[in-house]
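Worksheet: one structure, shown below.
The values are calculated or read from the model by the stated rules, or taken from the named source; none is laboratory data. Because the structure is predicted, anything quoted here is derived from the model rather than measured. Glycine also receives a Cβ, built like all others from the backbone with ideal geometry; neighbour counts cover every protein chain displayed. Ligands, DNA and RNA are stripped out before the accessible areas are found, and what is left, the full protein with its side chains, is counted by its heavy atoms. Shrake-Rupley method; radii C 1.70, N 1.55, O 1.52, S 1.80 Å.
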Amino acid sequence: MRARYGIPLGITAAGAAGLVYAAGFEARSFRLRRVTIPVLPAGMRPLRVLQISDIHLVGGQRKKQRWLRSLAGLRPDFVINTGDNLSDPEGVPEVLDALGPLMEFPGAYVFGSNDYYGPKLRNPARYLIEKAQGRHGLNGNDPAANVIHNPWEDLRDGFDGAGWRNLTNTRDILKIEGATIELTGLDDPHIKRDRYAEVAGGPSSTADFSMGVVHAPYLRVLDSFTADGYPLVLAGHTHGGQLCIPFYGALVTNCDLDTDRVKGLSTHTSAGRTSYLHVSAGCGTNRYTPVRFACPPEATLMTLVGRE
C-alpha cells in the first residue's frame, strides 16, 4: 500500500503546503523594490518616484493597508499609481484610507480594468491558453458580459480631491521644486480604452523631464511612447507573473509583453529609439486567486538621475 499510494499522497501534501505558503505568507510578504534609472537631463537634481500598482484591495486586508500607509515614510518627490486599485466594489473608502498618507505628496494616476469592473472567477489555466493563442483582455477576446461595475468615479473624485493628476488619455504637469515634470498617460489598453492619438507628439519642449504612464504594458503602447521619444515608461498589470517557477520565472504576463520583462526595469526599442520600461509586479491579487509564488508583492522606489 505504501508503494502504491505514497507518491500521490506526497505530491498532494506538497501541493497543499505550497498553496498555504502562496496564500498565507507570500501574498502578504510586502517588499520594496529600489532602482536607479539614468533618464534625467544633465544637471537636473535626482527625483525620488514611488510607484504603486495593482493593489486589488478587498475589505479587511489590514496588513496591506498598514503597509501602504507606511510607504509615506519614504518621502518621495511624487507618487505614480498605475491602476487596478480595487477588487471589491465596496473597497473605495479603504483604498482612499490606505493611500491617504501618500496623497499628501504630489502624484498622478491611471486606472486599470479592475478599477472599472469587478473580477470574475476564471480558471487560471486560461491565461496559458490565451497566451498560446495570442489573445489577451479584449484584444482578441469577446467583451466581458454580466460584470460588476465598480464605483470608479468615487475613486477618481478621491484622488482628484487630494490633488493627484488624472492621466486618462491626457497630459499633465507636476512642479517639483521648480522643475517641470510632464506626465503623459493612457487609459487601460487591456480593455481597449487607450487613445494614444489624443496625446501623441512626444515630450513638450517646455518640460524639464517627460515620462509615459499606463496600466497594461501592451506593445502597441510601448512602441508609441518610445517612438515619440519618452525616456521612461511606467506600467503595472502583470503581477510579475504572480505564480512563477523558481529559477525560471514567469509563465504569463496577461498581455503581449514577453515574460523576460514581466517585472522590474528593462528597455524597449521602437523606430530606432530606446526607452526605459519599469513594470511593477504590484502588491495585490485578484480576489478569486489570492496567491503568489516566487513573486512577492511590491512597490518600487525609483531614483531618477542624470543620463550617463
Worksheet, complete the sentence: Within region 132-160, residues being part of a loop (DSSP other than H, G, I, E, B), under 30 Å from Leu99 (Cα atoms) and open to solvent by less than 60 Å² (accessible area, probe 1.4 Å) number 5
Discussion item. Taking the condition of being in contact (Cβ under 8 Å) with a residue 24 or more places away in the chain, open to solvent by 10 Å² or more (accessible area, probe 1.4 Å) and not β-branched (Val, Ile, Thr), how many residues in region 262-297 meet it?
Written reply: 14
Item to complete: Identify the single condition in (1) touching a Phe, Trp or Tyr at 6+ places or on another chain (Cβ under 8 Å); (2) modelled with pLDDT of 85 or more; (3) open to solvent by 30 Å² or more (accessible area, probe 1.4 Å) that Phe111 does not satisfy, given that it satisfies every other one.
Response: (3)
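Residues Thr180, Thr184: which one is among the hydroxyl-bearing types (Ser, Thr, Tyr) and surrounded by 15 or more Cβ atoms within 10 Å (Cβ to Cβ)? Show your work before the answer.
On the way: Thr180 fails: surrounded by 15 or more Cβ atoms within 10 Å (Cβ to Cβ).
That would be Thr184, the only listed residue that is among the hydroxyl-bearing types (Ser, Thr, Tyr) and surrounded by 15 or more Cβ atoms within 10 Å (Cβ to Cβ).
Conditions tested, residue by residue: (1) open to solvent by 10 Å² or more (accessible area, probe 1.4 Å); (2) outside any loop (DSSP other than H, G, I, E, B); (3) farther than 27 Å from Leu57 by Cα.
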| position | (1), (2), (3) |
| --- | --- |
| Pro217 | no, no, no |
| Ser224 | yes, yes, yes |
| Gly229 | yes, no, yes |
| Cys255 | no, no, no |
| Leu304 | no, yes, yes |
Item to complete: Could you tell me whether any residue of region 170-191 is touching a residue at least 60 places away in the same chain (Cβ under 8 Å), among the small types (Gly, Ala, Ser) and farther than 21 Å from Pro89 by Cβ?
Response: yes
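Select, from Leu68, Leu102, the only residue that is more than 28 Å from Val147 (Cβ to Cβ) and buried (at least 20 other Cβ atoms within 10 Å of the Cβ). Explain how you work it out, then say what you get.
Working: Leu68 fails: more than 28 Å from Val147 (Cβ to Cβ).
Testing whether each residue is more than 28 Å from Val147 (Cβ to Cβ) and buried (at least 20 other Cβ atoms within 10 Å of the Cβ) leaves just Leu102.
Identify the residue in region 114-131 that is closer than 30 Å to Asp97 by Cα and not aromatic (Phe, Trp, Tyr) and, among all such residues, is surrounded by the most Cβ atoms within 10 Å (Cβ to Cβ).
If we filter region 114-131 for residues that are closer than 30 Å to Asp97 by Cα, which is where we start, we get 114-122.
Then keep just the ones that are not aromatic (Phe, Trp, Tyr); that gives 114-115, 118-122.
Working: Asn114: 28, Asp115: 24, Gly118: 16, Pro119: 21, Lys120: 12, Leu121: 8, Arg122: 11.
Restricting to residues being closer than 30 Å to Asp97 by Cα and not aromatic (Phe, Trp, Tyr), the top hit is Asn114.
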Response to the item:
Subset of region 48-64, residues surrounded by fewer than 18 Cβ atoms within 10 Å (Cβ to Cβ), touching a helix residue (DSSP H, G or I) at 6+ places or on another chain (Cβ under 8 Å) and not small (Gly, Ala, Ser), comes to Arg48, Lys63
